[in-house]
1. What is the one condition in (1) surrounded by 14 or more Cβ atoms within 10 Å (Cβ to Cβ); (2) closer than 19 Å to Thr137 by Cβ; (3) among the hydrophobic types (A, V, I, L, M, F, W, C) that Leu12 does not satisfy?
2. Could you give me the residue pairs with C-beta distances under 9 Å whose first residue belongs to the range 34-52 and is closer than 15 Å to Leu95 by Cβ, whose second residue is of a type in the set (Lys, Arg) and assigned to a loop (DSSP other than H, G, I, E, B) wherever it lies, and which are 6+ apart or on separate chains?
3. Of the conditions (1) out of contact with any strand residue (DSSP E or B) (no Cβ under 8 Å at 6 or more places or on another chain); (2) of a type in the set (Asp, Glu); (3) at pLDDT 85 or above, Asp41 fails just one. Which one is it?
4. Return the pair list, or none, for Cβ contacts closer than 7 Å from residues in the range 85-101 that are at negative phi to residues that are at pLDDT below 90, at least 6 apart or on different chains.
5. Give the residues of the range 107-149 that are charged (D, E, K, R), in contact with a strand residue (DSSP E or B) (Cβ under 6 Å, 6 or more places away or on another chain) and farther than 21 Å from Ile9 by Cα, sorted by residue number.
6. Counting only residues that are touching a Gly at 6+ places or on another chain (Cβ under 9 Å) and hydrophobic (A, V, I, L, M, F, W, C), which one in the range 103-119 is surrounded by the fewest Cβ atoms within 10 Å (Cβ to Cβ)?
7. Looking at (1) surrounded by fewer than 21 Cβ atoms within 10 Å (Cβ to Cβ); (2) within 12 Å of the chain's Cα centre (by Cα); (3) at pLDDT below 95, which is the one condition that is false for Lys100?
8. Kindly list, by first and then second residue, each pair from a residue in the range 130-150 that is farther than 19 Å from Cys19 by Cβ and modelled with pLDDT of 95 or more to a residue that is among the acidic types (Asp, Glu) and part of a helix (DSSP H, G or I), limited to pairs with Cβ atoms under 7 Å and residues at least 6 apart or on different chains.
Amino acid sequence: MLFKYQAQINALHLTSIDCVCQVAQPRMQLAYRIASNPAADPSNFIPRPLMPGVPARALAIPCDNPYKSQREADEDNLNAWGISLHENPDAARSLANRYKRAFTFATHIAELNISPADGLCSTTDDHYHFNIHEELTANLGARVIKALPR
């Protein structure tokens with residue numbers, strides 16, 4: 001599988017992960033993303049490093065952190081190039097409300113139906129959050145079913 005941001009992933013020089021497929025799997029489910037209006041706009045589905053105003057320090061996660069293994073640091077750096085999603089709308093709302101200053105653009109929660117053809121998804125964390133690494137031709141905006149209130 002070729003990924004939309006493959007060149008950027010290759011440039012990470014990960015030492016403990018050879019392929020996205022080692023840490024992500026295909027899924028078929030409803031997913032939720034913090035979005036602006038209109039919810040299906042492609043600008044709602046770009047990875048964090050390409051978002052305007054994201055400082056460089058937030059993108060390069062050092063592997064010399066004594067509390068993280070090399071694998072964890074590699075996964076964090078890899079997931080920066082994924083699209084952040086949630087398993088339920090309340091989890092997306094909770095994040096948007098917790099970090100109001102970071103999500104001032106957010107007017108809606110986009111509900112989308114993802115499939116294995118869209119890419120590979122990371123493991124869901126304790127906050128019902130996961131990332132999707134988009135397949136080269138994926139169009140997540142076209143997968144939006146509806147916009148829910150924030």
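The values are calculated or read from the model by the stated rules, or taken from the named source; none is laboratory data. What you are looking at is a predicted structure, and each value in this text was computed from that prediction instead of being measured. Cβ atoms come from the backbone with ideal geometry, glycine included; neighbour counts cover every protein chain shown.
1. (2)
2. Matching pairs, first to second residue: Ile34/Arg150; Ala35/Arg150.
3. With respect to (1) out of contact with any strand residue (DSSP E or B) (no Cβ under 8 Å at 6 or more places or on another chain); (2) of a type in the set (Asp, Glu); (3) at pLDDT 85 or above, Asp41 is out only on (1).
4. That search, which allows pairs on different chains as well, returns Arg93/Arg150; Ala96/Phe103; Ala96/Ala106; Ala96/Arg150.
5. Glu111, Arg143, Lys146 - these are the residues of the range 107-149 that are charged (D, E, K, R), in contact with a strand residue (DSSP E or B) (Cβ under 6 Å, 6 or more places away or on another chain) and farther than 21 Å from Ile9 by Cα.
6. Keep residues of the range 103-119 that are touching a Gly at 6+ places or on another chain (Cβ under 9 Å), which gives 110, 112, 119.
Within this subset, residues satisfying the condition of being hydrophobic (A, V, I, L, M, F, W, C) are 110, 112.
Working: Ala110: 28, Leu112: 25.
Only one residue fits best here, namely Leu112.
7. Here Lys100 meets the rest and fails (2).
8. Between residues of the range 130-150 that are farther than 19 Å from Cys19 by Cβ and modelled with pLDDT of 95 or more and residues that are among the acidic types (Asp, Glu) and part of a helix (DSSP H, G or I), the close pairs are Leu140/Asp118; Arg143/Asp118.
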